[in-house]
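Structure first, commentary second.
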Amino acid sequence: MSEERLQKALARMGFGSRREIEGWIEQGRVKLNGKVAELGVKVKDGDRTEFNGKRIVIRAAKAEVRVLVYNKPVGQVCSRKDEKGRPSVFDNLPKITNARWVSVGRLDINTSGLILFTNNGELANRLMHPSNEVEREYAVRVRGEVTAEKLRQLKKGVSLEDGPAHFDNIEDAGGDGANHWYHVVLREGRNREVRRLWEAIDTQVSRLIRIRYANVHLPRDLRQAKAVDLELKDVKQIMQSVGLKLDEKSIIKERSQKQKRKQFKSRG
């Protein structure tokens, strides 16, 4: 492994954004091989670091990049720990060694559907950064009169308390009576933005499901509170979409070595 800066290595391994980790280093909260780390210090495979009560062994950048697709049910929170003891999306994820799962965006407790998780912090940060304008698509059921003029207004833009917002696309998805379904697309992830946009035209959201993030769609057969790994080709595609390159040869080699070890153990 070639050397890389400590904050970059920890962000890549999913322990926070580079900016967060730089702040911890500046505050003297990070140790490297037993000594307080300085900003800009470089690390290599096998170095040991301590921060926030964690002891981490630095692993090479070729480590397998994983992306999970998770189907969040209503009632789960997106934080790791909840003061009220409510169930968390992190409770149902597979265990991962020497890294942690990073959620790509959040959904409020009353919203269900697709959340992506990855063990690569840089990928998570790029997928969420406003400058990359990554699309999010939602299926939304609304209650109230929705006129053609109101739909034009939602696409043109409305004023919210934290600034103007709009949908990039709105498609009629059918429905009977007072409730009607639409599929909407936007390129940012402000808090409760979809709900607040509809409320701005005097329409209430009665159900909200995220069905796509970037080029990843929520699988129809994925049960709620379950997660599935993206295939290698899909991981490669989503990384390329935000300017990252997947070391495919290293990952294939690593998977092959894992499979050999598994076969060896099974013979014993």
- Amide N of segment 164-190 lying under 16 Å from the label point, which is placed 7 angstrom from the Cα of Lys155 along Cα→Cβ: 166-174, 182-187
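Relative contact order for the chain: what is it in percent, counting Cα pairs under 8 Å that are at least 6 residues apart?
Relative contact order here is 20 percent.
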- Estimated FRET transfer efficiency (Arg106, Ser241; beta-carbon r; R0 30 Å; 0.05): 0.90
- For the chain, the longest stretch holding no trypsin sites (Lys or Arg not before Pro) located in a DSSP loop with at most 11 other Cβ atoms within 10 Å is which? 96-219
- Task: Kindly express, to the nearest 10 degrees and within the range 0 to 90, the angle between helix 248-267's C-alpha long axis and the longest C-alpha principal axis of the chain.
- Result: 70 degrees
- Item | Inter-site label distance for Glu193 and Ala148 at 7 Å from Cα along Cβ, in nm | 2.8 nm
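Are there GluC sites (Glu not before Pro) in segment 1-85 that DSSP marks as loop and that have at most 15 other Cβ atoms within 10 Å, and which are they?
Glu3, Glu38, Glu83
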- Compare the Cα positions of Ala37, Pro87, Ile25 along the charge dipole of segment 1-157 (+1 at Cβ of Lys, Arg; -1 at Cβ of Asp, Glu; about the Cα centre) and return the one farthest towards the positive end. Pro87
- Give the label of the value calculated from the structure for Rg/Rh (Cα atoms, Kirkwood Rh), choosing from [x] 0.96; [y] 1.00; [z] 1.03. [z]
- Note on the structure: Here, Lys54 and Arg207, labelled 7 Å along Cα→Cβ, have an inter-label distance in nm of 3.7 nm
- Message: What distance in nm lies between label points placed 7 Å from Cα along the C-beta direction at Arg19 and Asp91?
- Response: 3.2 nm
- Percent relative contact order of segment 21-174, based on C-alpha pairs within less than 8 angstrom and at least six residues apart? 14 percent
- Message: Assuming 0.36 nm per residue, please report the length gained on full extension of the stretch Asn179 to Asn98 beyond their Cα-Cα distance.
- Response: 24.5 nm
- Name the residues of segment 37-61 whose amide N is less than 16 Å from a point 7 angstrom out from the Cα of Gln27 along the C-beta direction? 37-39, 50-54
- Query: Can you work out the FRET efficiency for the pair Val36 and His217, with r the C-beta to C-beta distance and R0 = 51 Å, to the nearest 0.05?
  - Reply: 0.65
- Query: If r is the Cβ-Cβ distance from Ala200 to Ser131 and R0 is 35 Å, what FRET efficiency results, to the nearest 0.05?
  - Reply: 0.90
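Laboratory data are not the source of any read-out in this text; all were calculated from the coordinates shown. Here the structure is a predicted model, which means the values were calculated and not measured. Note that we place each Cβ from the backbone using ideal geometry, even for glycine, and neighbour counts take in every protein chain shown.
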